[in-house]
């Protein structure tokens with residue numbers, strides 16, 4: 001694990017000599033744990049909603065519960081925890097410049113054959129005079145995602161998506177594509 005973590009944050013060591021490798025390892029591990037818990041919670045709630053009322057019902061989970069789950073982790077940890085994508089559904093989830101750069105790198109890594117399930121990136125950056133630990137984990141598109149994010153969407157689901165997300169861009173995905181990423185910002 002240490003070898004993987006060091007390769008992920010190797011660039012940040014040169015940019016931020018005052019941050020120890022142990023601290024970066026710890027922040028990376030904590031961020032991985034939060035994103036796994038976020039992903040597990042969201043997936044469970046989506047599956048429950050799908051069983052209870054199909055895809056139309058599950059849209060509410062992404063629309064409301066995903067935001068609430070992220071807000072809960074953000075409040076609990078004192079970080080910013082969210083989701084983002086190059087092809088986002090909610091304009092509030094549009095990537096900032098750093099996130100866009102990482103998402104584009106994820107796409108390049110996928111094109112080179114890397115499995116999206118394994119993609120993470122962490123770096124210490126300076127934002128507004130403050131050092132921030134930034135972390136992203138790719139969200140691969142699974143078969144269940146295609147019901148709302150695929151190339152062919154049921155007309156009833158389509159109508160609900162359009163009502164909630166008139167500026168929707170999150171379509172046309174195939175299994176294995178990078179749907180987006182979990183993103184975390186931690187003040188140093």
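The values are calculated or read from the model by the stated rules, or taken from the named source; none is laboratory data. Computed from a predicted model, the values in this text were never measured in an experiment. Backbone-built Cβ (ideal geometry, glycine too); neighbour counts: all protein chains shown.
A few notes on this one:
- Residue 92 being surrounded by fewer than 17 Cβ atoms within 10 Å (Cβ to Cβ), touching a strand residue (DSSP E or B) at 6+ places or on another chain (Cβ under 9 Å), more than 23 Å from residue 122 (Cβ to Cβ) and modelled with pLDDT under 95: yes
Here's the yes/no breakdown for (1) closer than 19 Å to residue 170 by Cα; (2) modelled with pLDDT under 95:
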{"position": "67", "(1), (2)": "yes, yes"}
{"position": "110", "(1), (2)": "yes, no"}
{"position": "114", "(1), (2)": "no, no"}
{"position": "127", "(1), (2)": "no, yes"}
{"position": "147", "(1), (2)": "yes, yes"}
{"position": "151", "(1), (2)": "yes, yes"}
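- Qualifying residues in the stretch 106-138 (those that are out of contact with any strand residue (DSSP E or B) (no Cβ under 7 Å at 6 or more places or on another chain) and assigned to a helix (DSSP H, G or I)) - the one surrounded by the fewest Cβ atoms within 10 Å (Cβ to Cβ): 111
- Taking the criterion of being in contact with a strand residue (DSSP E or B) (Cβ under 9 Å, 6 or more places away or on another chain) and in a loop (DSSP other than H, G, I, E, B), the residues of the stretch 151-188 that qualify are 170, 173, 175, 176, 177, 188.
- Tally, over the stretch 93-105, of residues that are without any contact (Cβ under 8 Å) to a residue 12 or more places away in the chain and in a helix (DSSP H, G or I): 2
- Top-ranked residue of the stretch 35-65 - restricted to ones that are touching a helix residue (DSSP H, G or I) at 6+ places or on another chain (Cβ under 8 Å) and under 15 Å from residue 179 (Cα atoms), ranked as surrounded by the most Cβ atoms within 10 Å (Cβ to Cβ): 62
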